[in-house]
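Trainee: Sending over a structure as C-alpha cells; questions will come in a sec.
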Amino acid sequence: MTGTKVGAINIEGAIFGSNEGQKEVQTLQKKFEPKQSELKQQNDELESLKKQLNTQGDKLNEDAAASLKKQIETRQKSFDRSVQDAQEEFGSQQQEIAGKILQKMAPMIMKYAQQNGFGMIVDTSKPWPQSPILVAGEGVDITKAVVDLYNAQSGVAAPASTGAKPVLPKPTSGAAKPAAPKSTEPAK
C-alpha cells in the first residue's frame, strides 16, 4: 500500500454483515436450534427444582432438603458444562465461517485500500482496551464500502430477515445474583 490515508474496518462487522456471512450464520443458528431447545428445557427443569426448594425447603425434612439441594447442584454443573460446550462449538463454527469469508474478502480490502489512497487499514472489531484503537471516526471507516463491494462480487443474495437472533444461554454458578443498581450520579 502506498497511500497516505489511514482507514478503519470492523472486520467482524464486514464478514458477518455481508450477505454470505448473514446467510452462513442463519444456517449455523438453525443447526443449533435443537441444542438451544434442549438447553432451555434443562434450564426450565433446574429453575423448577430451585423454586421447589425455595417454596418447600423449610417444610422438607433434613434428608429430603439435602437430597433436593444435591440434585440441584448436580444438574447445575451438568447444565453449565452443556452451555459452555455449546457456546464453544458455536464459536468454533462461527470462526470457521469467518475464516472462509475473510480469505475471499482480504484481497478486496487490499485492492480498495490501494485504489483509494490508504496506506494503513486498522481493525476496529474490538473496542479499546482489547484493541489499541481508541477511536476511529466515520470518515475513515471503510466497512460498508467493503461489504457492498463484497456482496456485489460474491453474487450472494441478501438472506430473508429472521428477526431476533437466538443466543445460547450463559452458564450460571448457583443462584442468580441481582445486578448492581445503576447510578445516575457522575463518579467522584
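Trainee: State yes or no: is Val83 more than 30 Å from Ala136 (Cα to Cα), modelled with pLDDT of 90 or more and hydrophobic (A, V, I, L, M, F, W, C)?
Mentor: It is true that Val83 is more than 30 Å from Ala136 (Cα to Cα), modelled with pLDDT of 90 or more and hydrophobic (A, V, I, L, M, F, W, C).
Trainee: Do the conditions hold for Asp141, that is, is it of a type in the set (D, E, K, R) and in contact (Cβ under 8 Å) with a residue 60 or more places away in the chain? Give the steps one after another, and end with the answer.
Mentor: Values: of a type in the set (D, E, K, R): yes; in contact (Cβ under 8 Å) with a residue 60 or more places away in the chain: yes.
So Asp141 passes the test.
Trainee: Restricting attention to the range 48-72, which residues are exposed (fewer than 12 other Cβ atoms within 10 Å of the Cβ) and among the charged types (D, E, K, R)?
Mentor: Lys51, Asp58, Lys59, Glu62, Asp63, Lys70
Trainee: Here is a further query. Scan the range 70-92 and report the pairs whose first residue is more than 17 Å from Glu47 (Cβ to Cβ) and whose second residue is of a type in the set (S, T, N, Q), with Cβ atoms within less than 8 Å and a gap of 6+ or a chain change.
Mentor: Ala86/Gln36
Trainee: Of these, Thr184, Thr172, which one is modelled with pLDDT under 90, within 21 Å of the chain's Cα centre (by Cα) and in a loop (DSSP other than H, G, I, E, B)? Reasoning before the result, please.
Mentor: On the way: Thr184 fails: within 21 Å of the chain's Cα centre (by Cα).
Thr172 is the lone residue from the list that is modelled with pLDDT under 90, within 21 Å of the chain's Cα centre (by Cα) and in a loop (DSSP other than H, G, I, E, B).
Trainee: I'd like the full set of residues that are touching a strand residue (DSSP E or B) at 6+ places or on another chain (Cβ under 9 Å) and part of a helix (DSSP H, G or I), limited to the range 1-59.
Mentor: Ile11, Glu12 - these are the residues of the range 1-59 that are touching a strand residue (DSSP E or B) at 6+ places or on another chain (Cβ under 9 Å) and part of a helix (DSSP H, G or I).
Trainee: Determine if the range 79-92 includes at least one residue that is surrounded by 13 or more Cβ atoms within 10 Å (Cβ to Cβ) and in contact with a Gly (Cβ under 7 Å, 6 or more places away or on another chain).
Mentor: Within the range 79-92, not a single residue is surrounded by 13 or more Cβ atoms within 10 Å (Cβ to Cβ) and in contact with a Gly (Cβ under 7 Å, 6 or more places away or on another chain).
Trainee: Which residues, taken from the range 101-117, are under 22 Å from Ser18 (Cα atoms), touching a residue at least 60 places away in the same chain (Cβ under 8 Å) and either outside any helix (DSSP H, G or I) or out of contact with any helix residue (DSSP H, G or I) (no Cβ under 8 Å at 6 or more places or on another chain) (or both)?
Mentor: Met110, Ala113, Gln114, Asn116
The values are calculated or read from the model by the stated rules, or taken from the named source; none is laboratory data. All of these numbers come straight from a predicted model, not from anything done at the bench. Every residue, glycine as well, gets a Cβ built from its backbone with ideal geometry; the counts of neighbours run over all protein chains shown.
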